1. Which of the numbered conditions does Cys36 fail, given that it passes all the others? Conditions: (1) out of contact with any Leu (no Cβ under 8 Å at 6 or more places or on another chain); (2) at pLDDT 75 or above.
2. Please state which one of Lys27, Lys18, Lys62 is part of a helix (DSSP H, G or I) and modelled with pLDDT under 75.
3. In region 41-60, which residues are closer than 20 Å to Lys30 by Cβ and open to solvent by 60 Å² or more (accessible area, probe 1.4 Å)?
Amino acid sequence: MSVLKNHFKDMSVEKKTKGRTKKTQGKRDKVYSFYCTEEELKELNAKAEQRHLSLSEYFRMKIFD
């Protein structure tokens, strides 16, 4: 029994954290602002609705595609 106790004391235990890893954590910290007139906003909303997307999804597709 004492052999097992010594064996487990020497093992290091990794602490698992929740959430994204540090490598991917910084990828979603960007904020983009678009300035447009009311008419342009209506036109962009219409284009997004034609593709069955929200306005933010439409912008994301246009920017990162």
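The values are calculated or read from the model by the stated rules, or taken from the named source; none is laboratory data. Just so you know, these numbers come straight off a predicted model, no measurement behind them. We place every Cβ from the backbone using ideal geometry, glycine too, and count neighbours over all the protein chains shown. These accessible areas exclude ligands, DNA and RNA; they are computed on the full protein's heavy atoms, side chains included. Shrake-Rupley method; radii C 1.70, N 1.55, O 1.52, S 1.80 Å.
1. (1)
2. Only one candidate passes the filter, namely Lys27.
3. Listed by number, the residues that qualify are Ser56, Glu57, Arg60.
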